Amino acid sequence: MRTALLQSSGRPGSTAENLKVLDDAAGRAAAAGARLLVAPEMFLTGYAIGDDIARLAEPADGDAADAVAEIAGRHGLAVAYGYPERDGETVFNSAQLISADGTRLANYRKTHLFGCFERDHFTPGEQPVVQAELDGLTVGIMICYDVEFPENVRAHALAGTDLLLVPTAQMHPFHFVAESLVPVRAWENQMYVAYVNRVGPEGEFEFVGLSTLAGPDGTARARAGRTEQLVFADADPAFLAASREANPYLKDRRPGLYGSLV
């Protein structure tokens with residue numbers, strides 16, 4: 001499945017402008033044959049926008065979701081994107097996957113909040129594994145800091161995730177996560193990992209870019225630099241099956257030894 005990674009911080013504070021950026025990227029991605037476009041964490045509103053997070057937060061089936069569904073349907077590709085989700089008085093840092101026909105396939109709430117900024121503005125989610133079927137692949141979702149917990153990604157591997165989408169707001173000086181940790185997660189769990197970052201200065205943060213799609217062989221199939229970019233790579237089910245046969249990490253586990261982990 002041809003996958004497009006949109007490395008961009010969009011236009012922080014303006015959902016309308018970010019939908020325009022997403023629409024443009026979807027058009028370019030579809031023209032290049034992509035079946036899936038993945039945007040970063042909190043893409044629809046911006047990340048470092050303080051109390052505007054609560055003001056701009058919408059339900060998972062709100063107006064912004066309808067607008068993304070229209071974009072996905074018009075360009076004929078699935079779209080995954082980060083946004084602040086409102087559920088009553090509670091706000092989550094969420095990511096949603098919408099199919100090429102505009103159907104809402106999956107919605108994930110970030111389970112591991114990073115730093116005081118996120119803990120001040122969001123409530124953590126409680127469902128670690130969220131999946132959907134897309135073009136013959138089992139697609140899972142998590143957000144940024146979540147991927148840095150090996151138990152989180154292993155739970156997806158055990159649940160059969162083939163392609164893990166990780167909308168991200170990874171900041172300086174943690175560039176090693178994109179460069180080193182993400183390919184290792186893909187290798188040790190025998191899956192593809194699409195890690196899609198914001199880029200450039202925003203509020204008190206400096207986002208490092210370096211978005212990547214890592215394969216089950218531990219290599220970066222696509223790697224962005226430190227500017228706004230749209231990069232492409234393929235998640236190949238045949239290669240994944242062969243890699244899993246050759247690298248039996250999951251079959252060789254001995255769960256009876258791991259009780260102390262929990």
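The values are calculated or read from the model by the stated rules, or taken from the named source; none is laboratory data. Just so we're clear, the structure is a prediction, and the values are computed from it rather than from any experiment. Cβ atoms come from the backbone with ideal geometry, glycine included; neighbour counts cover every protein chain shown. Remember, those area values only see protein heavy atoms, side chains included, never the ligands or the DNA or RNA. Shrake-Rupley method; radii C 1.70, N 1.55, O 1.52, S 1.80 Å.
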Which condition from (1) closer than 14 Å to S180 by Cα; (2) surrounded by 21 or more Cβ atoms within 10 Å (Cβ to Cβ); (3) of a type outside the set (D, E) is the one that T219 breaks? (2)
The one condition A238 fails out of (1) out of contact with any strand residue (DSSP E or B) (no Cβ under 9 Å at 6 or more places or on another chain); (2) aliphatic (A, V, I, L, M); (3) over 24 Å from A132 (Cα atoms) is (3)
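Of the residues S180, S94, which is among the hydroxyl-bearing types (S, T, Y) and crowded, with 17+ Cβ neighbours inside 10 Å? Spell out the reasoning first.
Details: S180 fails: crowded, with 17+ Cβ neighbours inside 10 Å.
Answer to the selection: S94.
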Qualifying residues in segment 156-174 (those that are over 24 Å from V208 (Cβ atoms) and more than 14 Å from the chain's Cα centre (by Cα)) - the one surrounded by the most Cβ atoms within 10 Å (Cβ to Cβ): A157
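Being touching a Leu at 6+ places or on another chain (Cβ under 9 Å), modelled with pLDDT of 95 or more and part of a loop (DSSP other than H, G, I, E, B) narrows it down to one residue among G225, G218; which is it? Please lay out each step first, then the result.
Working: G218 fails: touching a Leu at 6+ places or on another chain (Cβ under 9 Å).
On inspection, the qualifying residue turns out to be G225.
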Of (1) surrounded by fewer than 24 Cβ atoms within 10 Å (Cβ to Cβ); (2) hydrophobic (A, V, I, L, M, F, W, C); (3) under 16 Å from R198 (Cβ atoms); (4) touching a residue at least 40 places away in the same chain (Cβ under 8 Å), F114 satisfies every one except (4)
Residue, farthest from the chain's Cα centre (by Cα), within segment 183-206, restricted to residues that are hydrophobic (A, V, I, L, M, F, W, C) and surrounded by fewer than 24 Cβ atoms within 10 Å (Cβ to Cβ): F205
Go through (1) farther than 19 Å from V177 by Cα; (2) under 22 Å from the mean Cα position of the chain (by Cα) for T212 and report which single condition fails. (1)
Is one or more of the residues making up segment 142-155 surrounded by fewer than 16 Cβ atoms within 10 Å (Cβ to Cβ) and among the aromatic types (F, W, Y)? yes
Yes or no: N18 surrounded by 17 or more Cβ atoms within 10 Å (Cβ to Cβ), part of a helix (DSSP H, G or I) and of a type outside the set (A, V, I, L, M)? yes
What are the pairs with Cβ atoms under 9 angstrom where one residue, in segment 85-105, is within 17 Å of Y47 (Cβ to Cβ) and the other, located anywhere, is polar (S, T, N, Q) and open to solvent by 20 Å² or more (accessible area, probe 1.4 Å)? Sequence gap at least six, or different chains. E85/N107; V91/T123; F92/T123; N93/T123; S94/N107; A95/N107; Q96/N107
Which of the residues spanning segment 222-262 are surrounded by 10 or more Cβ atoms within 10 Å (Cβ to Cβ), among the hydroxyl-bearing types (S, T, Y) and free of Cβ contacts under 8 Å to residues at least 12 places away in the same chain? Y258
Residues that are modelled with pLDDT of 95 or more and under 28 Å from G203 (Cβ atoms), at least 3 per element: which strands (runs of 3 or more DSSP E) completely within segment 94-188 meet that? 104-109, 163-167
Has segment 66-85 got any residue that is surrounded by fewer than 21 Cβ atoms within 10 Å (Cβ to Cβ) and either within 14 Å of the chain's Cα centre (by Cα) or part of a strand (DSSP E or B) (or both)? no
Checked against (1) at pLDDT 95 or above; (2) not in a strand (DSSP E or B), F232 satisfies every condition except (2)
